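Before any comments, here is the structure.
Laboratory data are not the source of any read-out in this text; all were calculated from the coordinates shown. Quick caveat: nothing in here was measured; it's all calculated off a predicted structure. So basically every Cβ, Gly included, is an ideal-geometry build from the backbone, and we count neighbours across all protein chains shown.
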Amino acid sequence: MTIKTVKSFCRSCAGHCGMEFDVEDGHIVKARGDKDHPLTKGYFCIKGLASVDLHNGDGADQRLKSSKKQLDDGSFVDIDAEVALDEIALRLRQVIDTYGPESVAVWTGTTSYMGAGMLTTQSMLKSLMCEIGTPHLLSAMSLDQSAKWVTALRMGAFATGKRLPSLSQNLDVMMLIGANPVVSHQGAPLNPASGWNPGKALRDAKRNGTKLIVVDPRKTETARLADIHLQIIPGQDAALMGGLIKILLDNGWHDQDFCDQFVDHLDLLHRAVAVFDLQSVARRTGLPAELIEQAAQILRDAKKVSIGSGTGHNMASNCNLSEHLTEALNAICAGYKRAGEEAAAGFININCAKEAVYPPTRTWEKDGPRFSSEGAGRLMGEFPAALLPQAIFEGQIKALIIVGANPAVSISDPKKTRAALEHLDLLVTVDPRMTETSELSDYVIAPALPYEKHDIAALTESWGMVPFMQYTPPVLEKPAGVIEDWEFVWGLAKRLDVQLTLKIGPYGAEYGLIPGGLKVDMQNKPSVDDFFSWAYSNAPVSYADLKRQACAISPDVAPVLIQPADKDDTARLDLMPDDVLQELHDYLVKTADASYDYLLCSRRLLEIMNSSFRLNERIKARYQANRLFMNPEDIAAAGLQDAQAVEIQSKHGKIAGLLAEDRTLRRGVVSMTHHWAAEEGVRDGHTANLISIDPRELSTINYMPQQSAIPVNVKPLKGGLRTGAAASATEAGSKVSAA
């Protein structure tokens, strides 16, 4: 057979690394990075190989090649996708007629965002919801970084976005809190790191003069590159941010001109952080006072600063307060793109090129639909996902459509979550695998995999540090029994007699109020070419030309420079609202639970994106059970041993793990991978079992569960784990210890 080479890009995470695939006889026989890709330049990570395994059908991580229907006895049978859509539409109509359209909820996950998913699948789902009349949109964003939404909605946001390092404009200081982009590949626009070959990007930035400050309880792969690593006690980020703000404001080291023009309540912020004297901050955070002062000095001397956080910061206790103070620190340092600097490139999502503040909107306080008996309001158009089980048990939600997500694993308290999902009148999941959620579903729609689709890099083109566009043809033919995600939504809408409209607008905007859009042909199935041509209608390269090139390109366009703010624009960032001040007071009087010896913080695995690829054979061979990482001095002090089976107990539950030495952790802190589900023969090592979703245990406003900085005790596990796991843990632990 002839080997065909196709340029494409990985869609395992938002990094979207450029890839080249050699294809023979319907299989990818070789995968490598695309050296011509303008962003990743030949780089890709092991998740790209795991995605190839999935496409090739290797190992236990088998993809579905036909949709499934669950029978009354709990077994599943194959069903044609069109027949499944007929039945789903009929049952959904029955739910709507009986309980009303607001009894329907939609959950979108990681895979529904990738490639053109934001443009096609996401837009179609929002259009469908708007037309049938349900507001109930949820996603995992409200389970890991929704504190960013709370902050943007009560502080406001600067329209041009954070400063990002690029080829043409470097940063003096980059500060990352609870983020490890070298492993996660999660950076811009949520924090100033690059998601494209992040390790090299950080090293290049440092060579160009950027000082890197990393705040993290362990010496992560990113922290090893830092000029200053602030190895903080988990959950105490608010004290550090408050202390740094106090030092800068006490000494007049903030950006006075920016603050005069764009912020409100700087005086209230200054008074609020007066309690964070250097010694008290050092005690709370466990950091040397001189290191905190050194970080403040670096911020003082910098002209171009960018400060941002990751999931570790947002999943810990006091998340809304910590994120607010982080953004307040960024604001007083003017860590945004300013007049005369280059605006971020973007051809589908056009980025703002004028200094301005999007003022606070506090959408959760406005009149409108409420979620569960807690009366939760919407954040960026979504409701808090942790309240979904309660809303189901209370009868508010009767039908749930899930696209590219696994809430049975991602929502904390899996037993309660599973019981809630089983309580639904209708559960439909679109997923290429029989996940824990799929196994509870009435219907599982088998979708095409990424390398089987025509696609564009719509999600990341507006995040690039260079002008960037990419089209990819299918690398492989899709099996006859699968459909694309958007085809599922389109088919469902057609059967419900709904007109879909694709729209591009600000994230979280009320979909029905976004002007314009592309009306989708609802009689004859449209082509993605129609969608992509419309999306790129204002781009410097037409979609037709981009498709002919079939690769990633960097169009030769003149940079767009940011313009000064309008003189009559009075919108300001609110640095200290009353409810933030109350959260600060509550934080200061809260004491640690002395009955627990350790704080458990979350960590990522390079090989896994959220809950994807856990069943890949090469990954299972390396990680046969979830490991509890602990400083070797803590292991010795507790009378434990490396590779020993242990029980981890919190206030709300207990799980099992395999102990692994990790010298990168500070004393008193242990660490586990968050997304881990039990396998047959392995005692449950999923940290979600340690976490409550009782509303009384959740944060205010966004109802976030505390998924990091969890107080726990650790003791030997009677009976141990399955044979062979200990050897895996020993090998992995020794690698961590030697790093």
Legend entry - Point-charge dipole on Cβ atoms (K/R +1, D/E -1) for segment 445-604, about Cα centre, debye to 20: 600
Legend entry - Within-13-Å neighbourhood charge of SER127 [Cβ basis; K, R +1; D, E -1]: +2
Inset, instruction - Would you please classify the overall shape of segment 59-202 from the alpha carbon gyration tensor, given that a ≥ b ≥ c denote the square roots of the eigenvalues, rounded means a/c under 1.5, and beyond that prolate means a/b larger than b/c while oblate covers the rest? - result: prolate
Inset, instruction - Please go through the residue pairs LYS148/LYS303; LYS148/LYS494; LYS304/LYS547; LYS303/LYS547 and name each one whose alpha carbons sit more than 30 Å apart in this structure. - result: LYS148/LYS494; LYS304/LYS547; LYS303/LYS547
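What is the local net charge at GLY508, summed over the other residues whose Cβ is closer than 10 Å to its Cβ (Lys, Arg +1; Asp, Glu -1)?
Details: positive: ARG378; negative: GLU382, GLU510.
So the surrounding residues net to -1.
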Legend entry - Extension gain, ASP521 back to ALA550 (0.36 nm per residue minus Cα-Cα distance, nm): 7.8 nm
Legend entry - Gain upon complete extension [LYS651, ALA558; 0.36 nm per residue less C-alpha separation]: 27.8 nm
Legend entry - Cα-only radius of gyration and Dmax that characterise segment 330-443, units Å: 19.8, 56
Inset, instruction - Name the residue farthest towards the positive end of the dipole of the chain from the options ALA535, TYR703, ASN330, assuming +1 on Cβ of Lys and Arg, -1 on Cβ of Asp and Glu, about the Cα centre. - result: ASN330
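When DSSP assigns beta bridges and you keep just the ones with both residues in the chain, what percent turn out antiparallel, to the nearest 5?
Around 50 percent antiparallel, to the nearest 5.
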Legend entry - Amide H contacts of LEU230 (H built 1.01 Å from N, under 5 Å, at least 5 apart or other chain): VAL214, VAL215, ASP216
Legend entry - Cleavage-rule hits (chymotrypsin sites (Phe, Trp or Tyr not before Pro)) in segment 427-510: DSSP loop, at most 13 neighbouring Cβ within 10 angstrom: TYR507
Legend entry - Net charge dipole size for the chain [Lys, Arg +1 and Asp, Glu -1 on Cβ; Debye, nearest 20]: 1480
Legend entry - Inter-part distance where segment 260-294 and segment 1-50 are each reduced to a Cα centre, Å: 47
Inset, instruction - For each pair in LYS65/LYS503; LYS337/LYS366; LYS415/LYS718, compute the distance between the two Cα atoms and list the pairs where it is over 28 Å. - result: LYS65/LYS503; LYS337/LYS366
Inset, instruction - Please label the shape of segment 545-596 as rounded, prolate or oblate, based on the square roots a ≥ b ≥ c of the eigenvalues of the alpha-carbon gyration tensor (a/c under 1.5 means rounded; beyond that, a/b larger than b/c means prolate, else oblate). - result: oblate
Legend entry - HIS454, HIS229 arranged by Cβ crowding within 10 Å, fewest neighbours leading: HIS454, HIS229
Legend entry - Unit charges on C-beta of K, R, D, E only; dipole of segment 153-345, Debye: 560
Inset, instruction - Mind checking which of LEU496, VAL428, PRO414 is farthest towards the positive end of segment 408-528's charge dipole, using Cβ charges of +1 (Lys, Arg) and -1 (Asp, Glu) about the Cα centre? - result: LEU496
Inset, instruction - Mind grabbing the base-10 log of I(q)/I(0) for segment 153-345 at q = 0.10 Å⁻¹? Debye formula, identical points on the C-alpha positions, no solvent, two decimal places. - result: -0.35
Inset, instruction - Have a look at ILE348, TRP486, GLN641 and report the one farthest towards the positive end of the charge dipole of the chain, computed about the Cα centre with Cβ charges (Lys/Arg +1, Asp/Glu -1). - result: GLN641
Inset, instruction - Would you mind telling me the antiparallel percentage of the DSSP bridges in segment 153-345, rounded to 5? - result: 5
Inset, instruction - Can you list which of the trypsin sites (Lys or Arg not before Pro) found in segment 4-110 are DSSP loop residues with at most 12 other C-beta atoms within 10 Å? - result: LYS35
Inset, instruction - Grab the other residues whose beta carbon is less than 13 angstrom from that of ALA205, score K and R as +1, D and E as -1, and report the net. - result: +4
Inset, instruction - Please give, to one decimal in nm, the separation of the simple spin-label points placed at GLN499 and ASP367, each 7 Å out from Cα toward the Cβ. - result: 2.8
Legend entry - Projected label distance in nm at LYS4 and ALA571, using a 7 Å step from Cα toward the beta-carbon: 4.8
Inset, instruction - Report ³J(HN,Hα) in whole Hz for each residue of segment 528-539, in order, from the Karplus equation J = 6.51 cos²θ - 1.76 cosθ + 1.60 where θ = phi - 60°; Gly and Pro get x. - result: 4, 4, 5, 5, 5, 4, 5, 4, 9, 5, 9, 7
Legend entry - Overall Cα dimensions of the chain, principal axis frame, Å, largest first: 69, 67, 57
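Tell me, what is the FRET efficiency for PHE393 and ASP97 to the nearest 0.05, using R0 = 35 angstrom and their Cβ-Cβ distance as r?
Step by step, r from the Cβ atoms, then E = 0.95.
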Inset, instruction - Which order do the peptides 563-574, 171-182, 377-388 take when ranked by the mean count of other beta-carbon atoms within 10 Å per residue, highest first? - result: 171-182, 377-388, 563-574
